[in-house]
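The values are calculated or read from the model by the stated rules, or taken from the named source; none is laboratory data. As the structure is a prediction and not an experimental result, all values here were calculated from the model. Using ideal geometry, Cβ is built from the backbone for each residue, glycine included, and neighbour counts are taken over all protein chains shown. We work out accessible area using only protein heavy atoms, side chains counted, and drop any ligands, DNA or RNA first. Shrake-Rupley method; radii C 1.70, N 1.55, O 1.52, S 1.80 Å.
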Amino acid sequence: MPEFAEVEFYRKQWNPGLGRRVRSVQVHRESRVFRACAVRRLVRQLTGATLISSAAAAKQMLFRFRRGRWLGVHLGMSGELRVEPAGYTPQKHDHLVLAQRGRCLVFADPRMFGRIQFATGRTPPAWWTCLAPPILSGAFTAEEVAAFLRRRGRTPIKAVLLMQERFPGVGNWMADEILWRAAIHPCRLAGSLTAVEVHSIWRECRQVCRQALATIAGRGDHVPPALNAHIPDTWLFNHRWEDGGRCPRTGARLMRAEVGGRTTCWSPARQRS
DNA sequence: CCAATTGTTATTTA
DNA sequence: ATAAATAACAATTG
């Protein structure tokens, strides 16, 4: 489920634990989510550690603990972070629980495509620092986007938008939202776009990221009561899975088909092949 | 039983 | 050799 802004939403869920010590760590040891992680070491090192700060980038989260301990979380398809009362008993899909004095910080993921990572050191680990420059940073330029689309010229634009090495945090629904706003058909080959269309892609990437962040993740420390509760009906998002759904701008029927290996939704009236 | 799911990666194909 | 397409991963739901 979670893409860019949803990841930020989940990051904030653990905010009540900031500045607090972890008294004990519970793990579902053999779970796949620990495939890139030395679990015993994680348990040993995080027990007694104090959570200092956290950050989200792309679809990745980083939690920093005192004395150079770093916890990485990727939510995969079905992961979530939440807070439970002290004394909480982990359920079937809870793979990692950090118990603090007044609460438990829980990572759950039924499908287990998610990933937990752990590292120690003075500086953030490589899997964090090597992420592509954020779409909302100055390093995400129209020129870089144009060059990338040229290099992937024979690939449908929908599939290109899902490539994390250039569009960090963009997932299936965001890619569809961007193409719908830019009025570009998802099957168009990346190399066939005009300069104006390439520029629209760049602009709408930033626009969708910015608006999604404000709407889904909230502003400052404020977090919306539920994930995706306040997404306006003027977005494609709220119509893409409805059977017989209609384009909020043209009123025409939406189409659905597999493009670039993912179910894709578009408005034929706006997005011409 | 079959098909579906908002992600990533290894393997196969072109 | 590179890039694109496909399969696989796992659990749950309709």
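Looking at this structure, is A:Phe167 surrounded by 17 or more Cβ atoms within 10 Å (Cβ to Cβ), within 27 Å of A:Arg35 (Cβ to Cβ) and of a type outside the set (Asp, Glu)? For A:Phe167, the condition - surrounded by 17 or more Cβ atoms within 10 Å (Cβ to Cβ), within 27 Å of A:Arg35 (Cβ to Cβ) and of a type outside the set (Asp, Glu) - is met.
Picking from residues in region A:82-99 that are farther than 16 Å from A:Leu71 by Cβ and either within 16 Å of DNA strand C (Cβ to nearest atom) or part of a loop (DSSP other than H, G, I, E, B) (or both), the one that is nearest to the chain's Cα centre (by Cα) is A:His93. Of the candidates A:Thr234, A:Thr263, the single residue that is assigned to a loop (DSSP other than H, G, I, E, B) and either more than 30 Å from A:Thr155 (Cβ to Cβ) or at pLDDT 90 or above (or both) is A:Thr234.
In the set (1) open to solvent by less than 40 Å² (accessible area, probe 1.4 Å); (2) away from DNA strand C (no atom under 16 Å from the Cβ), the condition left unmet by A:Gly76 is number (2). Within region A:49-79, the set of residues being on the phi > 0 side of the Ramachandran plot and either in a strand (DSSP E or B) or within 11 Å of DNA strand B (Cβ to nearest atom) (or both) comprises A:Ala58, A:Gly76. On the stretch given as region A:100-115, residues that are surrounded by fewer than 23 Cβ atoms within 10 Å (Cβ to Cβ) and within 16 Å of DNA strand B (Cβ to nearest atom) total 6.
Yes/no per residue for (1) farther than 14 Å from A:Arg272 by Cβ; (2) charged (D, E, K, R):
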residue	(1), (2)
A:Trp180	no, no
A:Gly191	yes, no
A:Thr194	no, no
A:Glu197	no, yes
A:Ala214	yes, no
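The single condition among (1) modelled with pLDDT under 95; (2) surrounded by fewer than 17 Cβ atoms within 10 Å (Cβ to Cβ) that A:Thr194 does not satisfy is (1).
For region A:241-265, the tally of residues that are crowded, with 17+ Cβ neighbours inside 10 Å and out of contact with any helix residue (DSSP H, G or I) (no Cβ under 6 Å at 6 or more places or on another chain) stands at 4.
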